[in-house]
Amino acid sequence: MAQRISMKAMPALILAALSGTAAASGFQLMEQGSGLGNAYAGSAAKANDASTIFWNPAGMTQLQAREVSGGLTAVVTSFKFRDKGSSVGAFGGTGDGGDAGGTGWIPNGYLSWALSKDLYVGLGVGAPFGLATKYDKPWKGSAQSDEFDIKTMNINPSIAYRVNDRVSLGGGLSWQKIEADYYRRVAIGPSGPLQLQRVNSHIDVSDSAWGWNVGALFTLSPSTKVGMSYRSAIQYHTDGTLKLRSDGSAAGTATTNALIPSRQSDVTADIKVPDTFVLSVAQRLSDRWEMLGDVSWTGWSSIKQIDIVRSSGPLNGQSAQTLDAKFQNTYRVALGANYALTDAVKLQFGLAYDQSPVKNASTRLVSLPDNDRTWFTFGTQWKPSKGQTLDLGLAYVNLPKTKINHNEALAGRGTMVGDYDPSIWIFNAQYSMAF
């Protein structure tokens, strides 16, 4: 008999699906509906389909009575580390960790419904943040990170009202859940470096919290639209567990100590994911050409330091790990163009420059080897009928060679010195239907 999936397991399964490898700076995921072909330029102004619920809920007033959109994005990353004189300390470990990148899948779905001529409601489901780095272990940087995985799920009910023919306003609430898993190697022992044992550490934490978003859309003329939107920061008070498990080896020279048994304690960590502000314009130049522009700001300075603190056991109240991210606020600028090849087919082009919240090699983490990036995108939109639209997008995200010189020697985790040769490819498909 087929095994049934319990209702308690469903949120975890949905969260696992709504995850991905970050393509935008930091661990932000911009892959929310259509727009990849334009590098998400004009995101708060164009209001082409129901995914405007995420970018600017006021855009729902530009849609038909009922619209639904759903899509899937694949993000393929590569982060290959090359050592330039790292020091691993008592933890040992050899090798450069292989390729810490991988492939992430990011689904999304949106529904917009007109209650009257001027009043719309909508619902969006997506993943605004995510991260996945995984090294071949053990490697030289195992004391700092072997694997780091962040997943989010965002459920966003929204409302929009058309004030008049020129102004629309919108807003929404966001229920957002986060899960994070952090694996690394530690060395522990009762006395002295000769008795240290290598241990695999796994920290997993989770929480859910509420946020909000607002937006305004201005139709300045039949050919010009300007949109503004703001999405709030969300404060999490996560809790979870720290698990230590011996890998059967000693970190120093020979030891007579028996291998430690598995240990577990509760932990807590506070994290505030950033707020964002977007200003967009959509300008139709002719029957064939449309230009799109976007300037966005992200408040990454909300993440300076993440303290993971034990909340049970003999070490209750003591720090289990501190992540010194030292993030700084960022800007992103995007330009896009659409060309109507036929009444049914539109070609899309995009270019964007995306700042990283990581500003130098000393604050760059092996769990997040981030850098400034440039997006080059292309897409096509096909309308097989009046109420159906298929968007396909492709992006190459170029990152320069990324240097790291991250010193955690005082904490016994060595210093990672080297560089990364990173690259990112993104593929997107989005289907929208009006009915």
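Computed from the coordinates by the stated procedures, all read-outs in this text should not be read as laboratory data. Here the structure is a predicted model, which means the values were calculated and not measured. Note that we place each Cβ from the backbone using ideal geometry, even for glycine, and neighbour counts take in every protein chain shown.
Would you work out the charge dipole size for the chain about its Cα centre, treating the Cβ of every Lys and Arg as +1 and the Cβ of every Asp and Glu as -1, and quote it to the nearest 20 debye?
20 debye
Please report the net charge: other residues with Cβ closer than 13 Å to the Cβ of residue 87, K and R +1, D and E -1.
+1
For the chain, what's the relative contact order in percent, using C-alpha pairs closer than 8 Å and at least 6 residues apart?
Relative CO of the chain lands at 19 percent.
Please state the shape class of segment 307-367: rounded when a/c is under 1.5, otherwise prolate if a/b exceeds b/c and oblate if not, all from the C-alpha gyration tensor.
In terms of gyration-tensor shape, prolate.
Give a residue-ordered list of calculated ³J(HN,Hα) values for segment 149-156 (Karplus: 6.51 cos²θ - 1.76 cosθ + 1.60, θ = phi - 60°; whole Hz; x for Gly, Pro).
9, 10, 10, 9, 9, 10, 10, 10
Segment 129-192 to segment 296-325: how many Å between their Cα centroids?
Segment 129-192 and segment 296-325 have Cα centres separated by 14 Å.
How high is the relative contact order of segment 72-201, in percent, with contacts defined as C-alpha pairs under 8 Å that are six or more residues apart?
Relative contact order, segment 72-201: 21 percent.
Could you please state, rounded to a whole Å, how far the C-alpha centre of segment 217-248 is from the C-alpha centre of segment 59-122?
11 Å
Taking the beta-carbon count within 10 Å as an exposure proxy, list 303, 53 from fewest neighbours to most.
303, 53
Starting from one equal scatterer on each C-alpha and no solvent at all, send me the Debye-based log10 I(q)/I(0) for segment 9-428 at q = 0.07 Å⁻¹, two decimals.
-0.37
Using each residue's phi in segment 112-129, evaluate 6.51 cos²θ - 1.76 cosθ + 1.60 at θ = phi - 60° and report the 3J(HN,Hα) Karplus result to the nearest Hz, with x for Gly and Pro.
Coupling constants for segment 112-129: 10, 9, 8, 7, 7, 4, 10, 10, 10, 10, x, 9, x, 10, x, 9, x, 9 Hz.
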